[in-house]
Amino acid sequence: MDLAHLWPPSALRVVSGDLELRYADDPTVESLARMAATEGVHPADFMPFMTPWTVGTPEDVARSVLRWHWKQRAELTPERWQLELATWVDGRLVGTQGAVAKDYAITRTAETGSWLGLPHHGQGIGTRMRLVILHLLFDELDAQVATTGAFADNQPSLGVTRKLGYEPNGESIAVRGGGPAPERWFRLTRERWLARPDEQRLDVSYEGTPALREFLGIARP
Ligand SMILES: CC(C)(COP(=O)(O)OP(=O)(O)OC[C@H]1O[C@@H](n2cnc3c(N)ncnc32)[C@H](O)[C@@H]1OP(=O)(O)O)[C@@H](O)C(=O)NCCC(=O)NCCS
């Protein structure tokens with residue numbers, strides 16, 4: 001009874017060229033924590049997150065990353081799961097790409113979220129890792145809808161979304177730093193996914209998805 005058998009998400013690997021999404025094990029989570037604390041995740045004058053976990057001492061930031069990952073791992077069930085995958089490019093850890101879902105086996109709907117270490121921004125990695133997790137969701141986990149959202153002033157995140165064929169799905173007002181912050185929401189249907197342009201059809205290989213499906217109760221349609 002190895003870990004892959006007991007906890008199938010731990011064996012998940014999704015590879016496209018030099019970019020890989022992989023389950024964040026303890027050494028990886030520790031590296032992510034250190035990365036967020038030392039390299040930063042966004043410019044100091046801009047807050048992209050609803051929960052401002054990037055504010056505080058380096059120890060505060062690192063502990064927030066540890067706590068978040070451990071919590072998501074521990075609370076992962078078929079009814080409510082959050083896969084927080086680590087993103088590697090050419091063997092180098094650069095950030096995380098996740099997807100969260102509630103009652104996915106029935107709704108077939110998941111919301112994505114991500115961050116990169118600041119030195120890795122603006123090089124197309126955010127677009128590639130979103131596209132790779134969309135391949136995982138639609139092609140391996142039979143998603144019907146993928147959703148995403150960002151503050152209206154988060155241009156890089158909105159830029160990624162804009163490029164990948166989502167349609168607008170409303171707006172809301174969140175509280176950020178004690179003030180109102182408009183958020184924009186988007187959805188990508190399976191129909192739109194299947195109609196995407198050729199350059200967004202990646203060659204992707206997967207490890208661990210049959211066992212993951214079984215673990216999450218995702219029956220073949
Ligand atoms: C969001 C994030 C993952 C995007 O990753 P990235 O690698 O920087 O993004 P990419 O380089 O793939 O693409 C960003 C796109 O937005 C565009 N963009 C960036 N800044 C922009 C601006 N100020 N105005 C308009 N477009 C902008 C880029 O030009 C690019 O589009 P293009 O390829 O057509 O030129 C990354 O910036 C990040 O980690 N940010 C901090 C955390 C965060 O915001 N997470 C999401 C929370 S909702």
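The values are calculated or read from the model by the stated rules, or taken from the named source; none is laboratory data. Everything numeric here is computed off the predicted structure, so don't read it as measured data. Heads up, the Cβs are rebuilt from the backbone with ideal geometry, glycines too, and the neighbour counts pull from every protein chain shown. SASA here: full protein model, heavy atoms, side chains in, ligands and nucleic acids out. Shrake-Rupley method; radii C 1.70, N 1.55, O 1.52, S 1.80 Å.
State yes or no: is Leu134 more than 12 Å from the ligand (Cβ to nearest atom), part of a strand (DSSP E or B) and either modelled with pLDDT of 95 or more or over 17 Å from Leu19 (Cα atoms) (or both)? So that I can check it myself, show each step before the final result.
Details: more than 12 Å from the ligand (Cβ to nearest atom): yes; part of a strand (DSSP E or B): no; either modelled with pLDDT of 95 or more or over 17 Å from Leu19 (Cα atoms) (or both): yes.
When the stated conditions are applied, Leu134 does not pass them.
For the range 138-221, which fully contained helices (runs of 4 or more DSSP H) count at least 3 residues that are open to solvent by less than 30 Å² (accessible area, probe 1.4 Å) and either among the small types (Gly, Ala, Ser) or farther than 30 Å from Pro43 by Cβ (or both)? Walk me through how you get there before you give the answer.
Details: elements: 155-163, 190-194, 209-216.
Ranges flagged: 209-216.
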| field | Yes/no for Thr127 being buried (at least 16 other Cβ atoms within 10 Å of the Cβ) and either assigned to a helix (DSSP H, G or I) or near the ligand (Cβ under 8 Å from one of its atoms) (or both) | value | yes
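So, Arg192, is that one touching a residue at least 24 places away in the same chain (Cβ under 8 Å) and more than 13 Å from the ligand (Cβ to nearest atom) or not?
yes
Within the range 107-124, restricting attention to residues that are open to solvent by 40 Å² or more (accessible area, probe 1.4 Å) and outside any helix (DSSP H, G or I), which residue is nearest to Ala211 (Cα to Cα)? If you could, list the steps in order and put the result at the bottom.
Initially, the range 107-124 is screened for residues open to solvent by 40 Å² or more (accessible area, probe 1.4 Å), giving 107, 109, 111, 114, 118-119, 121-123.
Narrowing the set further to residues that are outside any helix (DSSP H, G or I) leaves 109, 111, 114, 121-123.
On the way: Thr109: 19, Glu111: 21, Ser114: 24, His121: 33, Gly122: 35, Gln123: 33 Å.
It comes out as Thr109.
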